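One structure is given below, encoded as C-alpha cells.
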Amino acid sequence: MRTRVVAAGLTCAGILGACDTLTVVDCPAYVPPAIQVQVVDSLSGAWVAEGAEGFIAKGEVSLPLAIWAWEVVDGVPVATTLAPEGGSAGIYEVEIRRDGYRDWRMGGVVVTEGVCSVETVELVARLQPDPSSVS
C-alpha cells in the first residue's frame, strides 16, 4: 500500500517566471527507523551486533533497538545493525551495550522529518573491549 502526499508549495523564479504550485509524491507504506546503528568491534572491525542491546531516547520516550540488518560472512549471516521500530523527528540519545565491551553512548543525534517520514540517521558504534570483563 502506498500513501500519496501532496505538498503544496509555491516556488517562483523571477518576477514573472514559472511557478510550481503542487508536487505529488508516492510514499511507501514502509516506515523507516529514525536511527540505524552498525555495531563493530573497535579493534578487529568485526560485526558484534549479535548479542548487543540498546535504545534510543527522546525526552521521556525510549525505544528499544533490535537487529535490523545482516551481512553474509563466509556463507553465514551475521547481524550488523540495530534499529528501533519507527521513531519520529527530534533529538535523541543512543546507547548500545554488549557483554565484554564498554557501553557506547552518543547524544544530540538529530533526526529530521522527510517528505514521507523521518530521514534515517546512520551511525557506527565502535565498541571498545572492556578489560575488566576479561576473566
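The values are calculated or read from the model by the stated rules, or taken from the named source; none is laboratory data. Note that the coordinates shown come from a computational prediction; the quantities given were computed from them, not determined experimentally. All Cβ positions, even for glycine, are placed from backbone atoms using ideal geometry, and neighbour counts span all protein chains on display.
Across the stretch 68-102, the qualifying residues are those that are surrounded by fewer than 13 Cβ atoms within 10 Å (Cβ to Cβ) and among the charged types (D, E, K, R), and the one among them that is modelled with the highest pLDDT is Asp99.
Selection within the stretch 25-46: residues that are at pLDDT 95 or above and of a type in the set (Val, Ile, Thr). The member of this set that is surrounded by the fewest Cβ atoms within 10 Å (Cβ to Cβ) is Val40.
Considering the stretch 103-123, the residues that are touching a residue at least 40 places away in the same chain (Cβ under 8 Å) and surrounded by fewer than 12 Cβ atoms within 10 Å (Cβ to Cβ) include one that is nearest to Pro33 (Cα to Cα), namely Glu122. Restricting the stretch 31-67 to residues that are in a loop (DSSP other than H, G, I, E, B) and among the β-branched types (Val, Ile, Thr) leaves a set whose member that is farthest from the chain's Cα centre (by Cα) is Val48.
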